[in-house]
1. With respect to Gly322, determine if the residue is at positive phi, crowded, with 18+ Cβ neighbours inside 10 Å and touching a Phe, Trp or Tyr at 6+ places or on another chain (Cβ under 8 Å).
2. Could you please find all residues in the stretch 214-235 being surrounded by fewer than 14 Cβ atoms within 10 Å (Cβ to Cβ) and closer than 18 Å to Thr155 by Cβ?
3. How many residues are in a loop (DSSP other than H, G, I, E, B) and either without any contact (Cβ under 8 Å) to a residue 60 or more places away in the chain or crowded, with 22+ Cβ neighbours inside 10 Å (or both) if we restrict to the stretch 255-274?
4. Hey, among Val324, Val290, which residue is of a type in the set (Val, Ile, Thr), in a strand (DSSP E or B), more than 15 Å from Val45 (Cα to Cα) and modelled with pLDDT of 95 or more?
5. I'd like the full set of residues that are among the polar types (S, T, N, Q), over 24 Å from Leu289 (Cβ atoms) and not in a strand (DSSP E or B), limited to the stretch 201-254.
6. Can you name every residue in the stretch 169-201 that is over 18 Å from the mean Cα position of the chain (by Cα), of a type in the set (A, V, I, L, M) and loosely packed, with under 15 Cβ neighbours inside 10 Å?
7. Tell me yes or no: at least one residue of the stretch 138-151 is part of a loop (DSSP other than H, G, I, E, B), under 21 Å from Leu54 (Cβ atoms) and either polar (S, T, N, Q) or touching a Phe, Trp or Tyr at 6+ places or on another chain (Cβ under 9 Å) (or both).
Amino acid sequence: MTRPFLRRLLTPLVSLVLLVAMGLGLAGCVTTGLPLAASSPWQPVALATRSNPLDLAFSDAKHGFLVGSNRLIMETEDGGATWQERALDLPAEENFRLISIDFQGDEGWIVGQPGLLLHSTDRGQSWTRLFLDTKLPGEPYLVTALGPKQAELATNVGAVYRTNDAGNSWQALVSDAAGAVRDLRRADDGRYVSVSGLGNFYATWDPGQPTWQPHQRVSSQRLQSMGFQPEGGLWMLARGAQLRFNADPADAEAWSKPVVPITNGFGYLDLAWDPQGSLWTGGGSGTLLVSADGGKSWQRDPVGGEQASNFTRIAFTPDGKGFVLGERGCLLRWVG
C-alpha cells in the first residue's frame, strides 16, 4: 500500500474526527455558556413529602397553603419559610391531584382532579366539598377567588364558570369550550389564554366574548405554556427552549423574535417577573435562569442548579413573596 493511498484514506478520517471534536466542544459551550450568578435570591425549603407541589396561595401575609399531587396539602404560618402537612376529609380510596388553590381573605377555594371542588370560609381550617355537575365539560383546572362567595372555575377543556353564591350554582361564561388544553392562565382583568393539548395552537378569551378565539402558533415549534406579562401582553414558551413576547396587548398575534437563553436539551416550563422586574424562567433538570434586561442577557441561578428536580411553576404574590415549585417535593423560596 503506497503512501499517497494512505494519505487519501486518512484525510477524510482526520476531518471526521476534527468535526466530531468541534461538535462536542461547541455542545459543551452551549450547555454551560451562560455565566453563573454570583449569588441567588432563592432558598431551598425542606418539605416532608415526595409529592409534586402544584400551586400555593395565601390568606394573609403569613398564612397560606400549598397543594399538589397525591392529595398533598401543606400549611404555613410564617410566609412560606416552613410548611406542615395537613389532611383533608376525603375518602381514603380517592387519590386526588390538587391542582389549583386561591384565597380572597379568609375565603378559599381548591380544585382537583378527578372532579374535586373544595370551599372554606375560615382560612382553610375546615373545607367543604361541593359536588360538581356530572355534565361539567372537562376536569377542574384553575380556580380564582374574586370576593365574598364569588369565584371563577376553569376546566381543562376551557370551560369557564362563575359563582356568586359560594358555589351553590355556577353560570357558564363561555358558550363553547376551547378543547383539551395543556396550559391555561388567567389575567387579573379576567382574560384567559390557553395552549392546546398538542401545543399546535393557542386561544384567548376576553370577558364578554361568547367563545374562545383561536390563534395559530408562530413557528413550527410546539407550544409549551403561555401567560400574561405585568403590563398585560402575552408571553410564550415553545419547544426548543424558545421564549417570545407579545409586543402589543391589543394584538394577540404580534410576537417578538424568539429568545433562546440556553440550549441544554431541557425545555422551559414557566416564566415570571420578580418584584425588581427581573425575568425568570425554569424547566428541566434544575434549569433556572434570570435576565435583568428583558431577556437580552441571562445568568444561571446557582441554587436552582443544585436541585435534582424539574421546575414546573414560578409564582410571585402581589406582596412580594416568591416561590419556585419543582417535582418530588422541591420548593424554593424568594429571600431577595
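The values are calculated or read from the model by the stated rules, or taken from the named source; none is laboratory data. Everything numeric in this text was worked out from a predicted model, so none of it was measured. Positions of Cβ are backbone-derived with ideal geometry, glycine not excepted, and every protein chain shown enters the neighbour counts.
1. It is false that Gly322 is at positive phi, crowded, with 18+ Cβ neighbours inside 10 Å and touching a Phe, Trp or Tyr at 6+ places or on another chain (Cβ under 8 Å).
2. Correct list: Pro214 only.
3. The number of residues fulfilling the criteria is 7.
4. The match here is Val290.
5. Gln209
6. Ala172
7. No - not one qualifying residue is present in the stretch 138-151.
Residues are listed down the side, and each one gets a yes or a no for (1) in a strand (DSSP E or B); (2) over 21 Å from the mean Cα position of the chain (by Cα); (3) touching a residue at least 24 places away in the same chain (Cβ under 8 Å):
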| position | (1), (2), (3) |
| --- | --- |
| Met74 | yes, no, yes |
| Asp78 | no, yes, no |
| Leu88 | no, yes, yes |
| Pro91 | no, yes, no |
| Ser100 | yes, no, yes |
| Trp109 | yes, no, yes |
| Gly112 | yes, no, yes |
| Leu118 | yes, yes, yes |
| Arg123 | no, yes, yes |
